[in-house]
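**Q** Input: one structure, supplied below.
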Amino acid sequence: MNNNSTKMIKIIVFSGLFMALTTVMTAFFHVPSPGGNGYIHLGDSVIYLSSVLLPFPCGILVGGIGGALSDLISGFAAYAIPTLIVKSINASCFYLLRARGEKIVSKRSIIALILSSIVTVVGYLIVDLILYKGISFKTQLFATVPGNLIQAVGSAVLFLFIGSALDRINIKGKINLK
């Protein structure tokens, strides 16, 4: 096998691994959100890692498909398509802003975390306004935003923790997926 074939196989394997981790970290390790619309999870941290470590568009596929699968598995099928969209946009933030160097955690990735958190909070607020159109904006705001904010911050903190640990062992240089 030549180097290109080996690299492609590694990319496919890591994409599948990250997609499965996203699904598991979202569907099986979550807490119902305070407003009752969905749940708080740490799956976004895996989406962020995949978007930093994998070449374009793999992290987008990991985020969108992994997130949508978790909604289907955990009984929130109405959110599967919106999650596909919101999580794909989250991953896109990292592709637009990712650091070009060997580090996972950088100023650019922190900016991407902030932008992705905003996408999560605003995206799911819009989704809930559409899905629950009979409920007032103010009620939706208080029902949706706190849980999604906790989720976004929790996933960001976990990403920074894991990313820093992986930076110490130079994982980007060792797996060389880009």
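**Q** How far, in degrees from 0 to 90, does helix 137-168 lean away from the longest principal axis of the Cα atoms of the chain, to the nearest 10?
**A** The two axes meet at around 20 degrees.
**Q** What does the accessible area per residue of the chain come to in Å², with a 1.4 Å probe and no ligands, DNA or RNA counted?
**A** I get 50 Å² per residue for this part.
**Q** Using 0.36 nm times the number of residues separating residue 29 and residue 2, minus their current alpha carbon distance, what extension gain do you get?
**A** This chain segment gains 5.8 nm when fully extended.
**Q** Summarise the accessible area of region 32-168 (1.4 Å probe, protein heavy atoms) by the percent that is carbon and sulfur.
**A** Carbon plus sulfur share of accessible area: 77 percent.
**Q** Between residue 122 and residue 175, with labels modelled 7 Å along Cα→Cβ, what's the label distance in nm to one decimal, could you check?
**A** 3.0
**Q** Mind giving me the nanometre distance, one decimal, between the label points for residue 131 and residue 168, set 7 Å out from Cα along Cα→Cβ?
**A** Spacing of the two 7 Å Cα→Cβ label points: 3.8 nm.
**Q** Turning to a different aspect of this structure: Roughly speaking, what is the stretch gain from residue 72 to residue 17, that is 0.36 nm per residue apart minus the C-alpha to C-alpha distance, in nm to one decimal?
**A** Using 0.36 nm per residue and subtracting the Cα-Cα distance, I get 18.0 nm.
**Q** While we're here: From the helices alone, meaning DSSP H stretches of at least four residues, give me the mean residue ellipticity at 222 nm for the chain, per-run term -39500 (n - 2.57), in deg cm²/dmol to the nearest 500.
**A** Calculated from helices alone, the mean residue ellipticity at 222 nm is -25500 deg cm²/dmol.
**Q** On C-alpha positions alone, give me the angle between the axis of helix 43-53 and the longest principal axis of the chain, in degrees, nearest 10.
**A** With both axes taken from Cα atoms, the answer is about 30 degrees.
**Q** In this model, which of 87/174; 10/172; 87/138; 10/174 are farther than 21 Å apart at the alpha-carbon?
**A** Beyond 21 Å between Cα atoms: 87/174; 87/138.
**Q** Any chance you could give the angle, 0 to 90 degrees and rounded to 10, that helix 107-131 forms with the longest Cα principal axis of the chain?
**A** The two axes meet at around 30 degrees.
The values are calculated or read from the model by the stated rules, or taken from the named source; none is laboratory data. Computed from a prediction, not measured in an experiment: that's the story for all the values here. When we count neighbours, we look across all protein chains shown, and the Cβ atoms used for this are built from the backbone with ideal geometry, even at glycine. The area values use the complete protein model at the heavy-atom level, side chains included, leaving out ligands, DNA and RNA. Shrake-Rupley method; radii C 1.70, N 1.55, O 1.52, S 1.80 Å.
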